[in-house]
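Participant: Sharing a structure below in structure tokens format, with a few things to ask.
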Amino acid sequence: MANVVLVHGAWSDGSSWQAVIPALQDAGHQVRAVQLPLTSLEDDIAWTRREIASLDGPVTLVGHSYGGAVISGAAHANEQVAALMFVAAYAPDTAETSATLTRRGPKTPGSDAIRFAEDGWTSLDRELFGAVAGADLPAATTRMLAAVQKPTHDACFSSPSGRGAWHDLPCGYVLALDDQLLDPALQRWFAERTGAKVTELHSGHFPQLSRPADVVAAICDVLRAG
């Protein structure tokens with residue numbers, strides 16, 4: 001029925017969509033979950049564009065957290081992209097980076113869990129991962145997320161993705177009201193300025209794992225709009 005490309009966030013991988021993929025497939029949609037290299041924003045955008053091009057017909061992009069910046073860049077001047085879905089995600093515009101946008105909001109509890117190495121790579125402290133990224137998830141799930149997390153280079157956060165594709169496309173936004181990593185008030189600002197249809201959920205940073213049925217419903221709403 002539709003093509004959906006799912007884009008994970010920083011310190012994560014495609015398995016973060018594990019609860020969403022089967023439901024979308026059961027609804028008849030063709031689904032791809034990108035495995036970002038997380039080496040730079042430019043690399044991640046290029047990899048996502050490659051995934052889009054592998055599909056025939058219009059594509060709806062779904063981005064989680066940092067993945068919002070990736071889908072915005074991948075959709076820019078890309079006629080194949082029909083709609084954007086932001087899941088507790090950044091929605092940048094010209095000259096904005098994930099780092100500069102983060103500073104628009106207050107410091108979140110999760111910021112203290114980010115570890116910066118001298119070589120430019122970052123990670124989330126494994127001991128704190130559950131508390132800051134998945135307080136509403138089973139402990140076994142957050143241990144898994146911490147174990148599979150991919151180191152993310154600081155270049156992902158310090159580069160702009162260009163003019164926001166959300167200016168020209170229908171958008172949806174899943175707002176995680178209990179997020180400890182990406183400030184919920186900042187998420188609301190993203191949702192409002194993109195003109196997105198908003199789904200508010202009492203969830204932590206991974207609503208696609210804690211509230212998958214609601215996230216799938218929100219994605220399907222955007223598919224109908226696109």
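Values quoted throughout were computed directly from the atomic coordinates according to the rules given, and no laboratory measurement underlies them. Note that the coordinates shown come from a computational prediction; the quantities given were computed from them, not determined experimentally. Neighbour counts run over all protein chains shown; Cβ positions are idealised from the backbone, glycine included.
Participant: Filter the stretch 158-172 for residues that are under 26 Å from residue 39 (Cα atoms) and either crowded, with 21+ Cβ neighbours inside 10 Å or free of Cβ contacts under 8 Å to residues at least 40 places away in the same chain (or both) and give the result.
Facilitator: 161, 164, 165, 166
Participant: Strands (runs of 3 or more DSSP E) wholly in the stretch 1-82 with at least 2 residues that are not hydrophobic (A, V, I, L, M, F, W, C) - which ones?
Facilitator: Values: elements: 3-7, 30-34, 59-64.
Result: 30-34, 59-64.
Participant: Can you name every residue in the stretch 27-55 that is free of Cβ contacts under 8 Å to residues at least 24 places away in the same chain and out of contact with any helix residue (DSSP H, G or I) (no Cβ under 7 Å at 6 or more places or on another chain)?
Facilitator: The answer is 43, 46, 47, 50, 54.
Participant: From the list 100, 122, 94, which residue is among the hydroxyl-bearing types (Ser, Thr, Tyr) and either in a loop (DSSP other than H, G, I, E, B) or within 16 Å of the chain's Cα centre (by Cα) (or both)?
Facilitator: Of 100, 122, 94, the one residue that is among the hydroxyl-bearing types (Ser, Thr, Tyr) and either in a loop (DSSP other than H, G, I, E, B) or within 16 Å of the chain's Cα centre (by Cα) (or both) is 94.
Participant: What residue, of 145, 181, 209, is more than 24 Å from residue 57 (Cβ to Cβ), assigned to a helix (DSSP H, G or I) and under 14 Å from the mean Cα position of the chain (by Cα)? Give the steps one after another, and end with the answer.
Facilitator: Values: 145 fails: under 14 Å from the mean Cα position of the chain (by Cα); 181 fails: assigned to a helix (DSSP H, G or I).
Going through 145, 181, 209 in turn, the sole match is 209.
Participant: Also, I was wondering about something else. Restricting the first residue to the stretch 206-222 and requiring it to be without any contact (Cβ under 8 Å) to a residue 40 or more places away in the chain, which pairs with a second residue that is not β-branched (Val, Ile, Thr) meet a Cβ separation below 7 Å and a spacing of at least six or different chains?
Facilitator: 211/201; 211/203
Participant: Among all residue pairs at least 6 apart or on different chains, which show Cβ distances below 8 Å where the first residue, located in the stretch 61-80, is surrounded by fewer than 24 Cβ atoms within 10 Å (Cβ to Cβ) and the second is part of a helix (DSSP H, G or I)?
Facilitator: If the second residue must be part of a helix (DSSP H, G or I), the pairs left are 76/165; 78/49; 78/52; 78/165; 80/52; 80/53.
Participant: State all residues of the stretch 1-26 that are touching a strand residue (DSSP E or B) at 6+ places or on another chain (Cβ under 8 Å) and without any contact (Cβ under 8 Å) to a residue 24 or more places away in the chain; if no residue qualifies, say none.
Facilitator: Across the stretch 1-26, the qualifying residues are 14, 21, 25.
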